[in-house]
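Visitor: Here it is: the structure, laid out below.
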Amino acid sequence: MNETSTKYNPQKTENKWYQYWLDNKFFKSTPDKRKPYTIVIPPPNVTGVLHMGHIMNNTIQDILIRRARMQGKNACWVPGTDHASIATEAKVVNKLAEEGIDKNSISRDEFMNHAWDWTDKHGGIILEQLKKIGASCDWDRTKFTLDNDLYESVIKVFIDLFNKGLIYRGVRMVNWDSKAKTAVSDEEVEYKDEQSKLYYVKYKIVDSNDYITIATTRPETILGDSAVCVHPKDERYFKFHGKKAIIPLIDREVPIITDDYIDIEFGTGALKVTPAHDENDYKLGEKHNLLSFNIFNDDGTMSKDAILYENKDRFEVRKLIITDLEKAGNIVKIEDYTNRVGYSQRTQVPIEPKLSMQWFLKMEELVKPAIEHVNNNDINFSPKRFVNTYNHWMENIRDWNISRQLWWGHRIPAYYLPNSNEFVIAENIEKALILAIEKTGNKNLKIEDLKQDEDVLDTWFSSWLWPISVFDGIRYPENEDIKYYYPTNVLATGHDIIFFWVARMIIAGYEFRKELPFKDVYFTGMVRDEQRRKMSKQLGNSPDPLKLTDKFGADGVRFGMMLCSPAGGDLLYNESLPEQGRNFSNKIWNAFRLTQSWEVDKTIEQPEHAKVALDWFNEKFNEQITSLNGLYDTFKLSEALMLVYKLFRDEFSSWLLEIVKPDYQKPTDAKTYNQVKAYFDKLLRILHPFMPFITEEIWQQLEERKDGESIMISKMPVSQSYNTKMINTFDLAKDIITQIRNIRKEKNISYKNKLNLLYKDANNSYDKSFETVILRLSGIDKISETKEKVDGASHFVVKKTEFFVPLGDLIDKDDEIKKLTEELKYATGFLNSVMKKLGNERFVNNAPAQVIEKENIKKADAEAKIKALGEQIKTLKQ
């Protein structure tokens, strides 16, 4: 692409400059004397592909890291991927099934070989895709949660927590995913309202003709009942106290127990108790020493303990058992019922509460520092409202089920003694053998006598260490990297994993480093379609991000995603957003082409209109830089982009360039050209974090650059003091120019026809500083003062100054009266709204003084305008 290309070509530009950045190692970071600025990427699933949420989240991180780099900080953005136990194992199991291989028919080692082959083939694709959007990660630091060093870190942490007495093993009620055949945590269960049925079933009383009726939404679990429970004060059931009921179809006799846990008002007031398959029933079972019948296999089919329907699916059995209960005369009635059903977030199958032997981490003490340091603002959440969400979960936290019945992941370092449930915890089997011999006193034990636990750790048990483990701070807590880069600066992530990941990283930070893992957390929202639906493959409403970058350019896509992405708020995506980004890219490119087309004459003096306009833009630029820094500091990145966008589009392109551009086929002076080029350079720098490719392309062409130079390592402009009076005065000049242009448009007056402008300044408020700009942009021949009204002139008011543009025969009195009357009507309405505010005693007493002052200024300006308009209408009617 050369300087005179009429169109910006992102396809040629993006690959060229990304490779240039890589070749020059601009993304690479090593500890030095500079201040570090560190971000660790939320690691995507290793076999995942880029979606719109990734685009938004990683664009945010790239904006922050590029800005920090340009501020002279040692910017380090660590990329990586997560092994994603459940998701990856499911993909491998499906792949094996397509090849006719059942996971259960091969050994663990064979399965792991297949899993690693799958990961090697599909893993890391998403990281390559991130490069297409300009992600400036230090790729030499790329980590994977199953890398040897991270694996060892996870095992070391497990052993440490076990030795502290915080990890234990026991049978507990868990959320069972029958498709993945593993337990999942409470946070991995999402609840959906479903229209289901409430079945009323009668149980016969032993040695009686009486029945007691229960109500259930899950009749298949009747086969696991070990009691019926009623409230001790429910008079309806006094006669059944101490008796037994018979479970339908299987004739099991179970006790009728009493407990004030029962809600008398729900259903029949009698509860079937299934300790193995309902958490509350499990608690009742423990309290009343009830038997427990585990009636489900791991795959959701009925077990031998169910007695009936063995190996049939639980939902098939729900239909079968209702038919059989109806035949047996046990169904009393069936009602429609709205029920909240828990689903596995990963596999989207209904969760089955199940008693299972699992490993747990005690959380009660671990969470205390994490709660304290978020609530005292040591760690800052943006937006703040998520602190309440965080607190609610942390203050009601339960022990974390950290084991998963999978093969792909970090295997639990528990080694069982021969023919025993006794175990030792060790980093490897060699160390386990030493501990086993010490524990048993049996010196004849061999490695092959020990058996390692089959389960792996929850994926989040590795990713909660991510900010520490990527710098090897678990294994080597005093190494140079961890001491330099930790704690990190910002975490940018979705608010949907505030419990899974954010909270747990904070817990880990204080447990293993005694300090916060990051200072700020920027919560992104969800990317949704225009109907506010979450984007998904199933709905077909999620565009391919790479196709979007091909169509609109990476800068266009980044711009579109960020323009409407408030922190924590959802982005309603439609294709007009990246299209707007592409159009802005073209606007930048056309501004560059315009300035490049100017012929420069070094002998020409700088004209006054250019001098004052450039002076104004300097003040305006510094004002906007100050505002921009404030927006960055509060993570209002969408507003920051809008500010830069308007500064370039409106103030620079529409005003400054229009003022200073040379007349047709005329040269410009060198001073103006050089100043414009310098401001273009500054604008490109503040744009660069948002739109890295086009800014690099133009910056390289603005002037001759040496190999190894880049905008991404140039200095970010810093805010200087600025003249607010000059900025406000120029705004008035813009208003005057706009009013004159409107008159020309309304009267269809060509710019070839020069007009005069007169002003009546009763309050000495008119400032002549920018008269040369007004003359140049509005086709005015002369500006002069008048003490009287001007007949036959178009009229307008700016602040308290009246302006007249004499039109002679060009004016139509009736049309002008009509126009002025409309203006008068609007001004009167505006004044009434201001007076209403000022007449509100509560507003006047509570509003800050500067707000009241602004309202009084509005009042005075409106009154002056109304008076002037009235007099003008009166004059025209004479």
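The values are calculated or read from the model by the stated rules, or taken from the named source; none is laboratory data. Note that this is a predicted model, so its numbers are computed, not measured. When we count neighbours, we look across all protein chains shown, and the Cβ atoms used for this are built from the backbone with ideal geometry, even at glycine. Surface areas here come from the heavy atoms of the whole protein model, side chains and all, with no ligands, DNA or RNA. Shrake-Rupley method; radii C 1.70, N 1.55, O 1.52, S 1.80 Å.
Visitor: Grab the other residues whose beta carbon is less than 12 angstrom from that of ILE65, score K and R as +1, D and E as -1, and report the net.
Guide: Numbers: positive: ARG66, ARG67, ARG69, LYS73; negative: ASP62, ASP138.
The answer is +2.
Visitor: Antiparallel DSSP bridges in region 743-806: what percent, to the nearest 5? Numbers along the way, then the final one.
Guide: Numbers: 9 of 14 bridges.
Around 65 percent of the beta bridges assigned by DSSP in region 743-806 are antiparallel ones.
Visitor: Provide the per residue accessible area, probe 1.4 Å, for region 548-722, rounded to a whole number of square angstrom. Spell out each step's value before the answer.
Guide: Values: 6920 Å² over 175 residues.
Per-residue value: 40 Å².
Visitor: Roughly how many percent of the accessible protein surface of region 548-722 is carbon and sulfur, given a 1.4 Å probe and a whole-percent answer?
Guide: Values: 3070 of 6920 Å².
Carbon plus sulfur share of accessible area: 44 percent.
Visitor: What does the extension gain come out to for GLU365 and TYR476, with contour length at 0.36 nm per residue minus their alpha carbon separation? Provide the component values of the computation, followed by the final result.
Guide: Details: separation 111, 0.36 × 111 = 39.96 nm, distance 2.51 nm.
Net length gain for the segment: 37.4 nm.
Visitor: Below 8 Å, C-alpha to C-alpha, sequence gap of six or more: please give me the relative contact order for region 751-877 in percent.
Guide: Working: 144 pairs, mean separation 32.8, N = 127.
Computed over region 751-877, the figure is 26 percent.
Visitor: Okay, moving on. How many percent of the alpha carbon pairs in region 477-590 exceed a separation of 22 Å? Provide the component values of the computation, followed by the final result.
Guide: Values: 3277 of 6441 pairs.
Tail fraction, whole percent: 51.
Visitor: For TRP116 and THR828 in one chain, what is 0.36 nm times their gap in residues minus the Cα-Cα distance, to one decimal in nm?
Guide: Contour length minus the Cα-Cα distance gives 248.8 nm.
Visitor: Please list the three semi-axes, largest first and in whole Å, of the ellipsoid equivalent to region 615-749, using sqrt of 5 times the eigenvalues of its alpha carbon gyration tensor.
Guide: Working: eigenvalues 158, 88, 39 Å².
Each semi-axis is √(5λ); the values are 28, 21, 14 Å.
Visitor: While we're on this one: Below 8 Å, C-alpha to C-alpha, sequence gap of six or more: please give me the relative contact order for region 189-349 in percent.
Guide: Details: 320 pairs, mean separation 51.6, N = 161.
Over region 189-349, the number comes to 32 percent.
Visitor: With n ≥ 4 as the cut-off for DSSP H runs, can you work out [θ] at 222 nm for the chain, using -39500 (n - 2.57) per run divided by the number of residues, rounded to the nearest 500? Don't jump to the answer; show the numbers that get you there.
Guide: Numbers: 27 runs with 362 residues, N = 878.
Result for the chain, helices only: -13000 deg cm²/dmol.
Visitor: Restricting to the chain, compute how many DSSP beta bridges are antiparallel as a %, nearest 5. Write down the numbers at each step before the final one.
Guide: Working: 65 of 94 bridges.
About 70 percent, rounded to the nearest 5.
Visitor: Convert 10 °C to kelvin, take the viscosity as 1.306 mPa s, use the Kirkwood radius over C-alpha pairs of the chain as Rh, and evaluate the Stokes-Einstein diffusion coefficient in µm²/s, rounded to a whole number.
Guide: Values: Rh = 33.3 Å.
Rounded to a whole number, D works out at 48 µm²/s.
Visitor: Still on this structure, please answer the following. Mind checking the alpha-carbon convex hull of region 33-80 and giving the volume per residue in Å³? Could you put the intermediate results ahead of the total?
Guide: On the way: hull volume 2.8 nm³, N = 48.
Per-residue hull volume (Cα only) is 57 Å³.
Visitor: If you don't mind, another one. Write down the accessible area per residue of region 412-509 in Å², having rolled a 1.4 Å probe over the full set of protein chains. Spell out each step's value before the answer.
Guide: Details: 3930 Å² over 98 residues.
That works out to 40 Å² for each residue.
Visitor: Can you give the charge dipole size of region 670-803 about its Cα centre, rounded to the nearest 20 debye, using +1 on the beta carbon of Lys and Arg and -1 on the beta carbon of Asp and Glu? Don't skip to the end; give the middle numbers.
Guide: Values: 23 positive and 18 negative charges, 83 e Å.
Dipole magnitude for region 670-803 comes out near 400 debye.
Visitor: Quick one: putting +1 on the C-beta of Lys and Arg, -1 on the C-beta of Asp and Glu, what dipole do you get for region 160-222 around its Cα centre, in Debye to the nearest 20?
Guide: Values: 10 positive and 11 negative charges, 52 e Å.
Around 260 debye, computed over region 160-222.
Visitor: Still on this model: Rounded to the nearest 10 Å², what accessible area does ASP663 show when all protein chains are kept and the probe is 1.4 Å?
Guide: Only protein atoms counted, so the area is about 80 Å².
Visitor: Sticking with this one: Normalised by the number of residues in the chain, what is the relative contact order in percent for Cα pairs under 8 Å and 6+ residues apart?
Guide: Details: 1474 pairs, mean separation 106.9, N = 878.
Relative contact order, the chain: 12 percent.
Visitor: Mind giving me the FRET efficiency for LYS28 and ASN674? R0 is 35 Å, r the Cβ-Cβ distance, nearest 0.05 is fine.
Guide: On the way: r = 34 Å, r/R0 = 0.98.
Once the sixth-power term is evaluated, E becomes 0.55.
Visitor: Right, another one. Which of the residue pairs LYS7/LYS666; LYS73/LYS706; LYS754/LYS865; LYS611/LYS725; LYS734/LYS782; LYS7/LYS587 have a Cα-Cα distance greater than 19 Å in the structure shown? Provide the component values of the computation, followed by the final result.
Guide: Working: LYS7/LYS666 24 Å; LYS73/LYS706 23 Å; LYS754/LYS865 26 Å; LYS611/LYS725 17 Å; LYS734/LYS782 17 Å; LYS7/LYS587 10 Å.
Table pairs above 19 Å Cα-Cα are LYS7/LYS666; LYS73/LYS706; LYS754/LYS865.
Visitor: How would you rank 599-606, 580-587, highest first, on the average number of other Cβ atoms within 10 Å across their residues? Intermediate values should be presented prior to the final figure.
Guide: Values: 599-606: 11.9, 580-587: 19.4.
Top of the packing list down: 580-587, 599-606.
Visitor: Taking all protein chains together and a probe of 1.4 Å, list PHE843, PHE111 from the most accessible to the least accessible. Don't skip to the end; give the middle numbers.
Guide: Details: PHE843 55, PHE111 0 Å².
The residues order as PHE843, PHE111, largest area first.
Visitor: Still on this model: How far, in degrees from 0 to 90, does helix 148-163 lean away from the longest principal axis of the Cα atoms of the chain, to the nearest 10?
Guide: On a 0 to 90 degree scale, this one is about 60.
Visitor: Here is a follow-up. From the alpha carbon gyration tensor of region 142-210, can you work out the equivalent ellipsoid semi-axes (sqrt of 5 times each eigenvalue) and give them in Å, largest to smallest?
Guide: Working: eigenvalues 403, 84, 19 Å².
After diagonalising the Cα gyration tensor, the semi-axes are 45, 20, 10 Å.
Visitor: What ranking of SER576, SER653 comes out by heavy-atom accessible area, probe 1.4 Å, highest first?
Guide: Correct descending sequence by accessible area is SER576, SER653.
Visitor: Roughly how many Å² is the accessible area per residue of region 41-128, as a whole number, for a 1.4 Å probe?
Guide: Working: 3150 Å² over 88 residues.
I get 36 Å² per residue for region 41-128.
Visitor: Solvent-accessible area of HIS495, probe 1.4 Å, all protein chains present, reported in Å² to the nearest ten, please.
Guide: 50 Å²
Visitor: For region 751-877, max minus min Cα coordinate along each principal axis, in Å, sorted largest first?
Guide: 54, 35, 25
Visitor: Oh, and also: Please list LEU641, LEU249 from largest to smallest accessible area, probe radius 1.4 Å, with all protein chains kept in place. Write out the running numbers ahead of the final one.
Guide: Numbers: LEU641 0, LEU249 60 Å².
Descending order: LEU249, LEU641.
Visitor: With the cut-off at 19 Å, report for region 189-349 the share of all Cα pairs above it, as a whole percent. Kindly include the intermediate steps, with their values, before the conclusion.
Guide: Working: 7178 of 12880 pairs.
Here the tail beyond 19 Å accounts for 56 percent of pairs.
Visitor: With a cap of 12 neighbouring Cβ atoms within 10 Å, and only residues DSSP puts in a loop, list the chymotrypsin sites (Phe, Trp or Tyr not before Pro) found in region 705-804.
Guide: Values: sites: TYR722, PHE730, TYR751, TYR759, TYR766, PHE770, PHE796, PHE803, PHE804; in loops: TYR722, TYR751, TYR766, PHE770.
Of the chymotrypsin sites (Phe, Trp or Tyr not before Pro), the ones in loops of region 705-804 whose Cβ has at most 12 other Cβ atoms within 10 Å are TYR751.
Visitor: Provide the gained length on full extension for the span ILE264 to ASN444, in nm with one decimal, where the gain is 0.36 nm per separating residue minus the Cα-Cα distance.
Guide: Details: separation 180, 0.36 × 180 = 64.80 nm, distance 6.19 nm.
Full extension of this stretch gives 58.6 nm more.
Visitor: What percentage of the solvent-accessible surface of region 751-877, computed with a 1.4 Å probe over protein heavy atoms, is contributed by carbon and sulfur atoms?
Guide: Values: 3710 of 7560 Å².
Using a 1.4 Å probe with all protein chains present, region 751-877 comes out at 49 percent carbon and sulfur.
Visitor: Return the loop-located trypsin sites (Lys or Arg not before Pro) in region 377-448 (DSSP other than H, G, I, E, B) with at most 15 other Cβ atoms within 10 Å of their own Cβ; answer none if there are none.
Guide: Taking region 377-448 and a limit of 15 other Cβ atoms within 10 Å, the loop trypsin sites (Lys or Arg not before Pro) found are LYS384, ARG385, ARG398, LYS443, LYS446.
Visitor: If you place +1 on the Cβ of every Lys and Arg, -1 on the Cβ of every Asp and Glu, and leave all else neutral, what size is the dipole of the chain about its Cα centre, to the nearest 20 Debye? Don't skip to the end; give the middle numbers.
Guide: Details: 125 positive and 132 negative charges, 507 e Å.
It comes to approximately 2440 debye.
Visitor: Please give the FRET efficiency for ASP186 paired with ASN728, using the beta carbon to beta carbon distance and R0 = 60 Å, rounded to the nearest 0.05. Show your work: numbers first, answer last.
Guide: On the way: r = 57 Å, r/R0 = 0.95.
Using R0 = 60 Å, I get an efficiency of 0.55.
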